[in-house]
1. What net charge is computed for the residues neighbouring Leu156, neighbours being all others with C-beta under 11 Å from the C-beta of Leu156, Lys and Arg scored +1, Asp and Glu -1?
2. Most exposed first by the Cβ proxy, i.e. fewest other Cβ within 10 Å, how do Arg253, Arg295 rank?
3. Taking a quarter of the surface of the convex hull around the Cα atoms of segment 132-219, what do you get in nm²?
4. Taking neighbour Cβ counts within 10 Å as the exposure measure, how do Tyr145, Tyr217 sort from fewest upward?
5. Among Lys56, Lys201, what is the fewest-to-most ranking by other Cβ atoms within 10 Å?
6. Is segment 47-142 best put as rounded, prolate or oblate by its Cα gyration tensor, with a ≥ b ≥ c the root eigenvalues, rounded for a/c under 1.5, and otherwise prolate when a/b is larger than b/c, oblate when not?
7. Any chance you could check the Cα centroid distance between segment 417-435 and segment 214-245 for me, in angstrom?
Amino acid sequence: MRRTVGAFALAFMALGCQPSAGNKELNTPPPTAPPRSLPPSAQLGGSITLKICSDKDTREQDRGWKTPLLSSFGRLVGGILNVGARVSMRIGPCTADFQVPTCHAFAGEVMCRENFIARVLQAAAWGGALSAVATRRHAGAGDWYDIMARVGGGDLFELVAVEPDSFDRLAAAWEGEGAWRADELHTARDLVERIRHIESKGEEPSGPEETIAHRIYITTAGHLVSFIYGHEMSHYFSNDCMFSEPSRVEAARRIEAMHRLQVEGPLCSSMILPKSTEALLVRPEELKADTCALRGMAYLERRLFSKSWGTPEPELSLTMAFVARRLVVDVASWFLAYGPMSRGRADFGNDGNPTAILLSLVPGYLVPQHRLALIARELGEHAAAEGRAPPPVLCEDAARIFVLQTRRSVSACRWRKMDEIRKAERALVPALSDFVPSGVLGVLRTGNFDHEHAFRCQPPLLEAAPNGAFPGPSRSE
Ligand SMILES: [Zn+2]
């Protein structure tokens with residue numbers, strides 16, 4: 001991590017999906033196991049069409065990620081669709097009536113903006129590429145883990161957003177900060193391009209570095225696509241989820257808990273009338289869609305360690321899976337907070353004075369920090385289920401963003417006096433203790449962002465892991 005997200009004044013704009021050309025096709029592979037349930041697609045002739053719309057000003061480097069999207073989507077649904085079912089993609093221009101910066105869906109239609117998908121997938125690819133480069137430089141897995149724990153969503157989106165002719169300058173600036181050498185960043189950029197190529201052509205990665213980069217990418221991108229499309233496909237199938245098995249957070253009623261906290265707890269909205277809590281109400285179809293999104297992530301987790309994914313080195317693979325889970329949380333936290341077109345850390349001045357603004361709450365949805373906490377909890381539980389102590393996945397910048405958003409949600413009530421705001425923040429702590437490390441809750445309570453160690457993806461639980469197979473950071477506070 002290079003520059004730190006800190007507390008700052010916030011302004012707002014909106015981001016959200018709303019319920020409301022050429023063609024590519026992918027024949028889904030035969031299921032590796034019997035389908036768990038007949039998916040709703042059976043009602044729609046067994047085929048799914050993903051619409052992608054392209055803006056006139058979409059950058060050249062954002063145009064090559066449609067087939068990789070199809071690859072990730074195919075991996076997600078490949079195990080549950082009927083044999084022979086088709087997934088196709090229709091591509092066309094974004095028209096004026098498509099208002100959202102991300103995706104929208106309703107019965108039988110799902111459409112996403114090309115540059116949204118492209119930037120999310122590229123952020124995942126940069127995460128995989130930097131991880132692979134870090135493994136080469138740092139022989140010890142602990143060092144590697146520590147390096148990657150310090151790459152946040154802001155770093156990834158900065159790399160995604162930089163224009164090609166400015167890349168050398170950015171690489172030199174990063175080198176000057178000491179975390180990465182310029183040649184490593186150039187190698188990582190080549191790996192991002194290789195990932196795009198491999199995912200577009202259906203090729204196998206060659207060599208250990210490409211294999212690591214690719215495997216971390218498909219895990220990270222797979223989860224992000226599961227969340228985005230798991231949500232949208234719920235609308236597509238008229239609020240029917242194509243994944244029948246509950247996620248862990250659903251089974252433990254944590255989604256309900258987060259929902260209750262939002263509508264009955266001390267949060268408020270900045271955008272509607274003072275004292276109004278209407279903006280915090282969650283539309284039932286949006287809650288269902290998020291529930292389905294989390295089921296999609298759980299489903300992908302179950303597939304991750306199945307034979308079809310291939311694991312050349314099991315222990316490394318576990319570490320890679322964990323790095324990927326962290327990257328999922330980083331990427332998701334960033335685009336939920338700042339939007340997919342964010343320039344990442346480029347929006348934060350070197351004086352720590354940010355020009356980046358948190359997106360406003362979108363009425364009708366779970367607030368972004370609760371969505372993020374559920375994602376992190378789900379992924380953390382799967383990591384724990386591998387027989388290791390549950391590692392913190394909501395830490396570093398993702399945790400800072402979580403705190404910023406939560407504090408914004410209680411201080412936005414214009415009718416509240418300062419002592420009432422403090423009281424509200426304290427009241428949130430017990431409810432959030434299932435989701436966020438205690439140090440982070442301490443910052444939520446005090447507002448003191450200077451306690452850097454509170455955000456560390458700290459090692460104690462990892463160090464306590466049985467047989468030491470799961471490498472934690474090599475340093476401790
Ligand atoms: Zn929705």
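None of the figures in this text is laboratory data; all of them are computed from the coordinates on show. All values derive from a computational prediction rather than experimental measurement. Cβ placement follows ideal geometry from the backbone for every residue including glycine, while neighbour counts extend to all protein chains displayed.
1. -2
2. On the way: Arg253 12, Arg295 24.
So the residues, fewest neighbours to most, are Arg253, Arg295.
3. Dividing the Cα hull surface by four gives the mean projection, 6.0 nm².
4. Values: Tyr145 27, Tyr217 32.
Fewest-to-most Cβ neighbours within 10 Å comes out as Tyr145, Tyr217.
5. Ascending number of Cβ neighbours within 10 Å: Lys56, Lys201.
6. The shape class here is oblate.
7. Taking the Cα centre of each part, segment 417-435 and segment 214-245 sit 32 Å apart.
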